[in-house]
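Sharing a structure with you now.
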Amino acid sequence: MPRRKPSQQRRPQRHKDVLHGSGRHRGHDFRCVGCRLDVPLDAPGTAHRNHCPTCLTSLHVDHRVPGDRASDCHGRMEALSLAVRPDGEWMIIHQCLSCDELSANRIAGDDNALALIRLALRPLQDGRVAHGALLTAL
């Protein structure tokens, strides 16, 4: 590399988004382990963002209470299906790929509607399940 002349000043370093606290995520967002997009922590309709609104992938960070971040697993959680509470609220059922634990997470107002519909229709993709469901409905 060519050397700089003594008269040339170095440019100041660009500002970098510094990781905070335990170094796991940024103060205002996190990076999705599924689609690698930056996800804001603010989630309309819920107090604790726990999944990517684009691909619905999550991390196993909560232990018993949503937002406690007390789990030691930290495995990737894939969205399996949807469930509906008696009050009409939709929940995403996630399964941890490391420890196989299941968890139910509320959907957020900015979740990808197409991804949610695909998740809801997933059981109908298997012809045997769809055929059995139609037979029991008749």
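For region 86-111: of the residues being among the aliphatic types (A, V, I, L, M) and free of Cβ contacts under 8 Å to residues at least 24 places away in the same chain, which is farthest from Cys73 (Cα to Cα)?
Result: Met91.
From the residues in region 73-130 that are modelled with pLDDT of 85 or more and of a type in the set (Val, Ile, Thr), which one is farthest from Asp62 (Cα to Cα)?
Top of the filtered list is Ile117.
Related question: So which residues in region 75-98 are among the β-branched types (Val, Ile, Thr) and either surrounded by 12 or more Cβ atoms within 10 Å (Cβ to Cβ) or farther than 21 Å from Pro44 by Cβ (or both), if there are any at all?
Residues of region 75-98 among the β-branched types (Val, Ile, Thr): 84, 92-93.
Those that are among the β-branched types (Val, Ile, Thr) and either surrounded by 12 or more Cβ atoms within 10 Å (Cβ to Cβ) or farther than 21 Å from Pro44 by Cβ (or both): Ile92, Ile93.
Could you tell me whether region 40-52 includes any residue that is assigned to a loop (DSSP other than H, G, I, E, B), modelled with pLDDT of 80 or more and loosely packed, with under 11 Cβ neighbours inside 10 Å?
Scanning region 40-52, I find at least one residue that is assigned to a loop (DSSP other than H, G, I, E, B), modelled with pLDDT of 80 or more and loosely packed, with under 11 Cβ neighbours inside 10 Å, so the answer is yes.
The values are calculated or read from the model by the stated rules, or taken from the named source; none is laboratory data. Because the structure is predicted, anything quoted here is derived from the model rather than measured. Here Cβ is always computed from backbone atoms with ideal geometry, including for glycine, and neighbour counts include all displayed protein chains.
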